[in-house]
1. Might you check whether a residue that is among the polar types (S, T, N, Q) and either closer than 30 Å to Ala212 by Cα or modelled with pLDDT of 95 or more (or both) occurs anywhere in region 87-99?
2. From Ala188, Ala215, Ala184, Ala178, which residue is open to solvent by 20 Å² or more (accessible area, probe 1.4 Å) and not aromatic (Phe, Trp, Tyr)?
3. Picking from Thr73, Thr78, which residue would you name as being open to solvent by 50 Å² or more (accessible area, probe 1.4 Å), within 17 Å of Asn128 (Cβ to Cβ) and out of contact with any strand residue (DSSP E or B) (no Cβ under 8 Å at 6 or more places or on another chain)?
4. Val97 fails exactly one of the following numbered conditions: (1) within 30 Å of Pro142 (Cβ to Cβ); (2) under 26 Å from the mean Cα position of the chain (by Cα). What is the number of that condition?
5. As an exercise: evaluate Gly165 against (1) surrounded by 18 or more Cβ atoms within 10 Å (Cβ to Cβ); (2) under 19 Å from Pro11 (Cα atoms) and give the number of the one condition it does not meet.
6. Report, by residue number, each residue of region 1-57 that is open to solvent by less than 60 Å² (accessible area, probe 1.4 Å), assigned to a helix (DSSP H, G or I) and of a type outside the set (A, V, I, L, M).
7. For the list (1) out of contact with any Pro (no Cβ under 6 Å at 6 or more places or on another chain); (2) in contact (Cβ under 8 Å) with a residue 40 or more places away in the chain, I need the number of the one condition that Thr78 fails.
8. Of all the residues that make up region 109-149, how many are at pLDDT 95 or above, out of contact with any Ser or Thr (no Cβ under 7 Å at 6 or more places or on another chain) and hydroxyl-bearing (Ser, Thr, Tyr)?
Amino acid sequence: MTTTGTYAFAPSAGDLILNAFGMIQIRRPQLTQEHLENAYSAASMVMVDFSNRNPNRWAMETQDIALVQGVPTYNLTTRTLAIALAYIDTTNSGGIVTSRVLGPLSATDYGSMPVKLMQGPPTSFFFNLLTPTPTVSVWPCPDGNGPYLLRLQTFRQMQDVQLAGGVGIDTPFRFLDAALFGIASRLAVYYPTTPPALSAADLDTAYLAKFALAAQRDQESTPM
């Protein structure tokens, strides 16, 4: 059997939206500016839903923060949603870098610390999902025995949707099917149709199933 040998299937956001409209029986010649504006909102909300379904491994990034003696709290990027792993790199006089994992603290744990400015080599961190700027606090507060480099593996929110220019949505190949059904389910709320078209509830059920299927692959294969 002859196959293409290529791996280039990458529909744009516009392509997904056109297909989503087709799933709810709205054909391309029928589309108006209002349809596209509602579709932009629907696709953007699907990305919000994707962001809430952490962990999304394709949305991981590393943030490095140089710790300052006596300063416990540091701002993170506004797109940060969660911290998967935190560790500190310490460089000795010989240039050898040692990495040490930090343990997470809950809000209650961190709030219960009687002396938050007590200095020492940090052993723990507290992630505060503030709006608009999340923060991370380390404890003990960094002392003068560094330098300490705090390295965070974080999950970010999905990127904005753009219909013009043929750009895609912020999702890998394996999640495209879920994204298509997610957009269609939201458009079906705007434009309900009579049978035999799928209802918004039917499409939403299919969306959740397809996301769960893709999420099973979006995991590490190492044992616990």
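1. The answer is no, given that none of the residues of region 87-99 is among the polar types (S, T, N, Q) and either closer than 30 Å to Ala212 by Cα or modelled with pLDDT of 95 or more (or both).
2. None of the other options fit; the residue is Ala215.
3. Thr78
4. Every condition holds for Val97 apart from (2).
5. If we test Gly165 against (1) surrounded by 18 or more Cβ atoms within 10 Å (Cβ to Cβ); (2) under 19 Å from Pro11 (Cα atoms), just (1) comes out false.
6. Across region 1-57, the qualifying residues are Gly14, Phe21, Gly22, His35, Asn38, Ser41, Ser44, Asp49, Phe50, Ser51.
7. Unmet for Thr78, out of (1) out of contact with any Pro (no Cβ under 6 Å at 6 or more places or on another chain); (2) in contact (Cβ under 8 Å) with a residue 40 or more places away in the chain: (1).
8. Qualifying residue count for the region: 2.
The values are calculated or read from the model by the stated rules, or taken from the named source; none is laboratory data. Just so it is clear, the structure is predicted and the values come from calculations on it, not from any experiment. Glycine gets a Cβ as well: all are built from the backbone with ideal geometry, and neighbour counts include every protein chain shown. Note: accessible area is taken over every heavy atom of the protein model, side chains too, but ligands, DNA and RNA are not part of it. Shrake-Rupley method; radii C 1.70, N 1.55, O 1.52, S 1.80 Å.
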